[in-house]
Amino acid sequence: MIKFSNVSLIYPNSTTTVLENLNLEIAEGELVLVIGPTGSGKSSLLRLINGLVPHHTGGILAGDVSVNGLTTREVKPGGLAHLIGIVGQNPMNGFVADTVEEELAFAMEALNLPNETMRKRVEEALDFMSLATLRSRAILTLSGGEQQRVAIASALVMHPKVLVLDEPTSALDPIAAEEVLSILQRLVHDLSITVVIAEHKLERVIGFADRIIYINGDGRTEVGTATEIMKTSPIAPPIVHLARALGLDDAGLSVRDMRRSTHNLRESISITPASQIATSTIPVIEINQLTVTYGSKPALNSITATIFDNEIVAVMGRNGAGKSSLLTSIAGVGTSDVACVRIHSLDSRKLTGKSRRETIGYIPQEPSDLLYAQSVAKECEQADKDNEIEAGTTFVLLNQLVPGISLHTHPRDLSEGQRLGLALSIVLSSNPKVLILDEPTRGLDYEAKKMLTKILISFAQVFHRAVVIATHDVELVAELATRVIFLADGDIVADGPTIDVLLSSPAFAPQVSKVMSPVPWLTVRDVMAALGEKL
């Protein structure tokens, strides 16, 4: 179905190739997972499939890419639209209509399909992606995860033979992500659609993949089954790292396999209550009866909570639960017209200029909203100047989080993960008293997340700051959060220590806790520390 013949790709002003002499055939009805470090070229490989690279993005391409016998050298992306459905990292960039139903119908209208056909396909897609209740909603009012489901549905209505998805579960809660991946698997097995997915959250998708393409970041690629690639890959889900740490012969790719392999180990462990982390009693963020509505739709219902110094609080819940509304209200940029949030006794809505930068560091779901300069160098220089810090400080921080970014690169040419790293570096360089992050791991690989975890823990504990994160990444929460606030339909349904909240929810429990249950451990580090081993 898809054939790469001696494909090499390099971008102007780049010192390394994205792909070097890649030869690969992807069969009809195969689900292929593309993995690699942040910025290694996963999105570029996906865009080669429908010709967006190099026709729209530029780049120097050698070799040939063909899909169902059509070469992308001769047929441009528009000529492949009937054959290939593509969903990008940022769904908002691809929407053209105002409402969900109009968006699903748009591409079919462009092809002048009969009304009966369009109506039938729209209804199928709405049911497939659990979007029926949102059909009349304005896309701008949807949460990031809901928008991602709409983007996938708008690709499915075209009945493509090839479906290409760039991080399709990054903004989805664990349950919604499982539903989407199950749908994709059904499309592969029942309709023989070829699916190519780039994804960082391997713990979600690796069990569905027939093969993996591992892009190293220096032009080299490795292709093989999940078992073959995971034997040596530094990029791996938590249970693979657990298998390696325990010295198991096989890299466990599922919770079931790992539970079987660790049965004797669990039987030999006596369960002891988890130690509770001492928390500060100094209130930093005070939320009092916060209510947020969008038109007639309530997003938050009289939320009351206090966040203390040194805390790293994760706000969790299904898509549309009100997480982003809570974060924007804390940051003082939400729709609430009542003073319900105070940070260090100040109304967060009234902070401006330097006072706001020093008090609140806020990164929205779309970090590009914070970037406006023409290069990475100018963004970093401006941040150094605004925050009155030593020149080069912001770039040093960026290089720690996402190494290898050129100072001359335009922010729009960065990957999603690299843009997030740049925005985070700019915000952190001001050393704000409160740091608020909405989905901070979209586009970040495991190494970048590990560095982010280290930076945030240091920021909270060493500098005595409060950190609030809205995320669906349960593995990140297990590693760094001291407390979890769980939202459902605008209400707080759980608020307590991370280990208590995560272990009480099978859907939101991290992989290691599922493997080691009923022993109360969340991470590989917890396991090895309890066993007296050093990682």
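The values are calculated or read from the model by the stated rules, or taken from the named source; none is laboratory data. Keep in mind it's a predicted model, so treat the numbers as computed, not measured. Note that each Cβ is placed from the backbone with ideal geometry, even for glycine, and that neighbours are counted across all protein chains shown. Surface accessibility is based on the protein's heavy atoms, side chains included, excluding ligands, DNA and RNA. Shrake-Rupley method; radii C 1.70, N 1.55, O 1.52, S 1.80 Å.
Here are the numbers for this structure:
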read-out	value
Gyration tensor verdict on the chain (Cα atoms; rounded if a/c is under 1.5, prolate if a/b is larger than b/c, oblate otherwise)	rounded
Hits among lysines - C-alpha to C-alpha of K433 under 24 Å, sequence gap 8 or more where chains match	K323, K350, K354, K385, K449, K450, K454
Burial order of peptide ranges 496-503, 90-97, 351-358 (average beta-carbon count within 10 Å, highest first)	496-503, 90-97, 351-358
Equivalent ellipsoid semi-axes - Cα gyration tensor, the stretch 293-406, angstrom	30, 17, 14
Partners for K161 among lysines (Cα-Cα distance below 18 Å; same-chain residues under 8 apart left out)	K3, K76
Distance from the stretch 197-248 to the stretch 117-159 (C-alpha centre basis), Å	31 Å
Global geometry of the stretch 96-214, whether rounded, prolate or oblate, following the gyration tensor of its Cα atoms and the 1.5 cut on a/c	oblate
Difference of contour (0.36 nm per residue) and Cα-Cα distance, S182 to R266	27.2 nm
Part-to-part distance (alpha-carbon centres) for the stretch 296-360 and the stretch 400-415, which is given in Å	30 Å
With every protein chain in place, the chain: carbon and sulfur % of accessible area (1.4 Å)	51 percent
Linear extension gain, D190 paired with E28, 0.36 nm per residue minus alpha-carbon span	57.1 nm
Reach of K120 by Cα under 13 Å, taken over aspartates and glutamates that are not fewer than 8 positions away in the same chain	E101
Sequence ranges 304-312, 41-49, ranked by mean other-Cβ count within 10 angstrom, highest first	41-49, 304-312
Accessible surface, per residue, of the chain when the full set of protein chains is kept, probe 1.4 Å, Å²	43 Å²
Per-residue ³J(HN,Hα) for the stretch 362-371, Karplus 6.51 cos²θ - 1.76 cosθ + 1.60, θ = phi - 60°, Hz, x for Gly and Pro	10, 10, x, 4, 10, x, 4, 4, 9, 10
Ordering of 379-386, 289-296 by packing [mean C-beta count within 10 Å, highest first]	379-386, 289-296
Residue list for the stretch 331-364, given a label point 7 angstrom along the Cα-to-Cβ vector of T304 and an amide N cut-off under 18 Å	338-343
Considering only the chain, percent of DSSP beta bridges that pair antiparallel, nearest 5	50 percent
